[in-house]
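Q: This structure is in structure tokens; I'll ask about it shortly.
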Amino acid sequence: MNIIHPDIEKYAQQNTSPESEVLNRLNRETHAKILRPRMLSGHIQGKLLEMFSCMLQPETIIEIGTYTGYSAICLARGLKPGGKLHTIDHNPELEDFTRGFFDQAGLMQSIEYHIGEAEEILPQIPGPFDLAFIDADKENYLVYYEEILSKLRKGGIIFVDNVLWSGKVLSETMAKGDPEAEALIKFNSFVQKDSRVENVLLPFRDGLTIIRKL
């Protein structure tokens with residue numbers, strides 16, 4: 001569910017710097033060829049991720065949940081020269097499609113693409129991380145958060161997507177029977193009480209939380 005009125009979202013897109021040719025093509029081809037295209041970060045969120053990355057100029061980025069690579073491309077554009085983005089996805093069927101767009105974006109040397117379960121791969125990637133993006137299986141958000149936070153430098157940023165889950169997080173009654181919604185309620189509450197960070201939950205798309213390590 002998109003909580004923003006479609007006309008407002010359209011206006012926002014019209015008043016946001018346009019997608020690059022590669023991202024526009026990736027957007028179109030994902031919608032035309034890939035299942036569940038709503039998982040794509042898309043124009044406005046992608047530009048937000050890109051702008052934060054460009055401001056931070058990270059040396060190391062970690063992303064959980066590659067999908068077709070839109071957010072990875074946006075984030076990687078802000079890397080310092082010689083920097084690296086590690087992105088993890090469990091679906092090998094998307095690998096050729098996604099690598100093709102990393103190549104078209106000229107970012108093959110900047111992105112290390114891991115295929116497998118994030119719970120197993122993430123502990124093997126050394127820190128420190130400067131920037132992270134979590135957008136994968138919601139039941140494991142807390143696991144990913146703790147592992148990333150332990151390697152995140154002071155002042156580092158974590159983005160967490162889908163934290164409103166179509167509004168089901170508003171009450172346990174609405175979340176009942178939906179394990180992902182129930183997991184997100186626990187995650188949001190945990191972050192809100194976590195003295196190691198400061199955070200803001202943006203009512204944007206399906207909810208985006210920005211977390212800064214203190």
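Q: Mind telling me which of the residues L152, L214, L208 ends up being aliphatic (A, V, I, L, M), touching an Asp or Glu at 6+ places or on another chain (Cβ under 7 Å), in contact (Cβ under 8 Å) with a residue 60 or more places away in the chain and within 21 Å of D89 (Cβ to Cβ)?
A: L208
Q: May I pose another question? G106 is checked against (1) closer than 17 Å to G46 by Cβ; (2) in contact (Cβ under 8 Å) with a residue 60 or more places away in the chain; (3) surrounded by fewer than 21 Cβ atoms within 10 Å (Cβ to Cβ) and fails just one. What number does that condition carry?
A: The one condition G106 does not meet is (2).
Q: Ok, one more. Out of the residues in segment 1-40 that are part of a loop (DSSP other than H, G, I, E, B) and charged (D, E, K, R), state the one that is surrounded by the fewest Cβ atoms within 10 Å (Cβ to Cβ).
A: R36
Q: Restricting segment 192-204 to residues that are under 19 Å from Q45 (Cβ atoms) and in contact with a strand residue (DSSP E or B) (Cβ under 9 Å, 6 or more places away or on another chain), which is surrounded by the fewest Cβ atoms within 10 Å (Cβ to Cβ)?
A: V200
Q: If you check F129, F133, F159, which single one turns out to be touching a Leu at 6+ places or on another chain (Cβ under 8 Å), more than 18 Å from S41 (Cβ to Cβ) and of a type outside the set (A, V, I, L, M)?
A: The conditions single out F129.
We did not get these values from a lab; they are worked out from the coordinates using the rules stated. Only a predicted model underlies this, so the values are computations on that prediction, with no experimental measurement involved. Here Cβ is always computed from backbone atoms with ideal geometry, including for glycine, and neighbour counts include all displayed protein chains.
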